[in-house]
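The values are calculated or read from the model by the stated rules, or taken from the named source; none is laboratory data. All values derive from a computational prediction rather than experimental measurement. Virtual Cβ from ideal backbone geometry, glycine too; neighbours counted across all protein chains shown. Ligands, DNA and RNA are stripped out before the accessible areas are found, and what is left, the full protein with its side chains, is counted by its heavy atoms. Shrake-Rupley method; radii C 1.70, N 1.55, O 1.52, S 1.80 Å.
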Amino acid sequence: MTKRKRIEDFLYEERMKKNVSQEKFAKEIGIAFVTYNNLESGNYNSLSYKTIAKISEYFEISPEKIREML
């Protein structure tokens, strides 16, 4: 069985590839730094469709792929 990638791991790895700080990434997609920090730290309950859409657009992947990682 293949282990599913968690959103926090994906965000960290992809953000590092782009050499972008958490603060800059949060600002670029229009969410609060604290919100992004909590998301990347795994401290979240759910994500709005708007946030999922912003993340998927930034990393050029489908919103469905983001939802699969939640």
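In nm, to one decimal, how far is the modelled label at Tyr44 from the one at Arg67, with both set 7 Å along Cα→Cβ?
Placing both labels 7 Å beyond Cα along the Cβ direction yields 1.5 nm.
Please compute the per residue accessible area over the chain with all protein chains in place, 1.4 Å probe, rounded to a whole number of Å².
Computed with neighbouring chains in place, this is 70 Å² per residue.
Rounding to the nearest 10 and keeping the result within 0 to 90°, find how far the Cα-based axis of helix 7-17 lies from the longest principal axis of the chain.
Around 60 degrees separate the two axes.
Give the carbon-plus-sulfur fraction of the accessible surface of the chain in %, rounded to a whole number; probe 1.4 Å, heavy atoms of protein chains only.
Answer for the chain is 48 percent, counting heavy atoms of protein chains only.
Among the lysines, select those whose C-alpha is under 26 Å from the C-alpha of Lys3, and discard any that sit fewer than 8 residues away in the same chain.
Lys17, Lys18, Lys54, Lys65
Just one of [x] 52, 19, 16; [y] 53, 15, 13; [z] 36, 24, 23 is Cα extents along the principal axes in Å calculated from these coordinates, so which is it?
Computing Cα extents along the principal axes in Å and matching it to [x] 52, 19, 16; [y] 53, 15, 13; [z] 36, 24, 23 gives [z].
Over the chain, what is the relative contact order in whole percent, taking alpha-carbon pairs under 8 Å and six or more residues apart?
37 percent
Only helical DSSP H runs with n ≥ 4 go in: add -39500 (n - 2.57) per run for the chain, normalise by residue count and round the 222 nm mean residue ellipticity to 500 deg cm²/dmol.
Value at 222 nm, helices only: -18000 deg cm²/dmol.
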